[in-house]
Structures are given as structure tokens and as C-alpha cells.
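Engineer: Here's a structure for you.
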Amino acid sequence: MSGIDHMDEETIALLALGESVAGVDAGHLQVCAACQSKVDQLRAVVDTARTITDEDRPMSPPDDLWQSITDQIESDGAVFSKKPPTGGLRMSWFALAAAVGVIVGSLGTIVAVDQRNPAPTIAQAELEPLPGQQARGIAQVRDTTNGPVLLVDVPNLPQPEGYYEVWMLSPEADSMVSIGVLGQGSVNEFPLPAGMDMQAFPVVDISVEQFDGDVTHSGDSLVRGMLDT
Amino acid sequence: MRETGHSVETAHGGVVSGHSTIGEQSVRSRADAEITSSFARGDDGSLHEVYNRWSPLVYTVSLRSVGNGDDAADVTQAVFVAAWQGRQGFDPDAGSLPGWLLGITRRKVADHFRSRGRLPEPSAEVPEQAAADPRVESVIDRVLLADEIARLGDPQKRILELCFFQDMTHAQVASLLDLPLGTVKSHVRRSLGRLRERLEVDGVRH
């Protein structure tokens, strides 16, 4: 096997796109079935992708179709629950907040919740533990009269070495907005920057940060979840 | 408000982007995995989650295959009714839930064509399993790829669209988007890998 210098994956990807790549040993593909096969596989993907039209983009079925489906299942005699499963205990603090009428933020902020007209939830995320972590919770974006706010509820967070910071990340987690420092209580509320594009930063993330003067994300995340708008 | 341009390294060493172990994809696949196991258990209400998550895929494949909205809605309804009634036949270890739903979609589209006399009934000579419709297979691949491209974040999505649909080279894309050449190359490699994987996981005929 020695002496075979396979193509790197980036070169293979560019060849699959049909680019000519400078400095590539074109003869290698003639003698190396493994690299040729990788190029062929990706090229098939590229060729198909280039035939995509606007009509191929997934679109939702008509609004009343779900009702027709449940009607048909029930008419066959099945006992059937149409409602999606609820989040159980994890949702309970919202019910509690609605009952009490206020949400007491950890930093002493009190958010009045008008029980007759609660701020509508416009997006929600289940915050799931990253590998090796235990904590989980939920995040909601609510549309208040003062603009959108992010509510974060992560019970039973361990005492950090440092502090917790809340972020909103791009889907690829390669750009992000700092939302604020998580306080002591379970439920925290953060105003979202006016004009922020939530679609661009849909992933809610909580990281452990050190008092090291470095404003960037530590890379040490506990929980994360994508907002479902 | 501040934005930083680097990827997030996790404490466990994975880089949070593209094809890595931790990141948006796993956030998404974890949500998908939860819906899948809830459905496999036959949980009350799990079909609604499945419908919310995958009905656009099923409906669009149906629409592109049968050609009009009313018939596509009928096919989609048949798929989700059959999925619920046949849920015990779903084996999460044997394949993905969207892949399984698309398998039902293939059969319901064939039923639709058959009911209009445009496909022969399955027979001993031509069993249904062998009768792949190349047009439907190509629709499935295109819809899955369109879906996966739509799910790429930017700049990955923009980069691929420029490479695919504007026939730009990666060097032209890098210059247009003012990104380092190496960044564009690595996004292209990871994104193409994601597309290939999506076809392998959800598009394969069982």
C-alpha cells in the first residue's frame, strides 16, 4: 500500500463539481479505483442537485389534511389522540407562571404576565444535554409588547466554575450572538436585540464561561436546542 | 450583542459544524430521533409529530409524482393513515423513519397510477418490489436534496447554490462572498457529504 498518495476529500469534492483543480495528478484517478469511486458518488449527487427546480422544495400539504387523516383513522374504529404529546413536567413552570400571574426572574426582574392576554409564544426549543451533561430544559421566545424576549428554564443546573452564558447560534454553530449571563434562578428572561434575525440564529445554547476576559464562547456547552418556529 | 466568527469547540473535542459529532445536525437528528422512538413505541399523539415533521416531504414527493394537488393530498393522507395502522412494522434499527415513510409513499403513488390504469397490477412476473418507477425515484432524490440544501445554514447554503446553480468555481465564490479559499473548500466538502448522506439514509429503496 505504501507509495499511494490518495486525493484529499476537498479535491474530490471540487472534481465532483466539475472544477479543474490545479496541481492535481489527473492520472491518479485512472489507477485508483477508491478515489474514482468517491468522485463518482459525489458527482451523482451534484448532477441530481443541479436538476432541482423550485417545485422540488418541500412545501406543506393543505391545512385541512391533518383533520382528514384523523377522521379516517377514527372512522376505522381506532382510539386515537390527535394532540401531540406534551412536555410534561418541563412545561409546568409556564402553567405555574400563568396561575401566579408573574414570572420572577432571578435578577429580581418581575415580568408581569397578563393572564387574559399572555405574550404569545412564537418559538420554542427543548434544550437537550450535550454528551456527558445531565441538565435539560426549555427555551421560549415570546412576543411581548416590549419586543421579543427569550425565556430560558433549565432546572437543577450544577454550580459552575465560572458562570453560565446564554447564546443563540447559527444552525452550523459558526456564528453566534451572546444573549446574556444566566442568573441563579431556574427561569431567566432576556430581551432579544431588536432586529435580530431569529432564523439566522435559531439554536439556543448555554455555555460555562470562565472569568478570563475572553468574550468568545468557551466551547464548553451544557445544553442546546433548536427553536421550532 | 456581539458575534464571533469561529466555530465552537466543545469540551469533548468535537467541532460544532458540518459533519461533526455535535452541532446543528445532531440537534436536529436528536429531535428526529425522539419523534422516531415515540412513534416506534406507538405513543399517543406521536403521529401528529411525525406529520408535522415529515408531511412536507411526503406531500411534495407525491405532488411532483402525481402532478396535481388534490391527488397529492389523497396520496399523503393514505401514507399517514397507513403509517399509523402499520406502525408495528416500523423497525427503527432497519432504517430511518422518513425513509420508511417514503417507502409507503412509493407504494401509494403506484396505487394511484394503478387505479388510473397507468401501471399494471403486481403479478408473479412483475412483483411490486421490483417495479421501481424511475421517475418517482428521481423525484425523491431531488426533494430530499432540496430539503437538505434548505437546511444548510449560511454561508454553506449560499456557497452550494452558487456552485450548483450559478456554475461558479470555488475561487469565484470565495471572492464574491469575501471568504478564505480554504473555508469555501471545506464547506463544499462537508455540505456535499451531508447531501450524499441524506440520500443514503432517507432515499434508499428498501
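The values are calculated or read from the model by the stated rules, or taken from the named source; none is laboratory data. Values in this document were obtained by computation on a predicted structure and should not be read as measured data. Note that each Cβ is placed from the backbone with ideal geometry, even for glycine, and that neighbours are counted across all protein chains shown. Remember, those area values only see protein heavy atoms, side chains included, never the ligands or the DNA or RNA. Shrake-Rupley method; radii C 1.70, N 1.55, O 1.52, S 1.80 Å.
Engineer: Identify, please: which residue in region A:118-148 is within 14 Å of A:Ser221 (Cβ to Cβ) and in contact with a Leu (Cβ under 8 Å, 6 or more places away or on another chain) and is, among those, surrounded by the most Cβ atoms within 10 Å (Cβ to Cβ)?
Structural biologist: Filtering first and then ranking leaves A:Ala139.
Engineer: Under 6 Å between Cβ atoms, which residue pairs at least 6 apart in sequence (or on different chains) link something in region A:51-79 that is of a type outside the set (A, V, I, L, M) with a partner that is open to solvent by 30 Å² or more (accessible area, probe 1.4 Å) and modelled with pLDDT of 95 or more?
Structural biologist: Close Cβ pairs satisfying both conditions: A:Asp56/B:Arg142; A:Ser68/B:Gln77.
Engineer: Name every residue in region A:149-182 that is farther than 15 Å from A:Ser218 by Cα and among the small types (Gly, Ala, Ser), in order of residue number.
Structural biologist: A:Ser170
Engineer: Since A:Glu126 meets every condition but one in (1) assigned to a strand (DSSP E or B); (2) over 20 Å from B:Asp43 (Cα atoms); (3) at pLDDT 55 or above; (4) not basic (Lys, Arg), which condition does it not meet?
Structural biologist: (2)
Engineer: Exactly one of (1) of a type in the set (S, T, N, Q); (2) within 13 Å of chain B (Cβ to nearest Cβ); (3) part of a helix (DSSP H, G or I) is unmet by A:Ser20. Its number?
Structural biologist: (3)
Engineer: For B:Gly103, state whether it is at positive phi, surrounded by fewer than 19 Cβ atoms within 10 Å (Cβ to Cβ) and modelled with pLDDT of 90 or more.
Structural biologist: Considered against the rule, which asks whether it is at positive phi, surrounded by fewer than 19 Cβ atoms within 10 Å (Cβ to Cβ) and modelled with pLDDT of 90 or more, B:Gly103 comes out as no.
Engineer: Taking region A:37-47 as the search range and keeping residues that are within 8 Å of chain B (Cβ to nearest Cβ) and buried (at least 18 other Cβ atoms within 10 Å of the Cβ), which one is farthest from B:Gly67 (Cα to Cα)?
Structural biologist: A:Leu42
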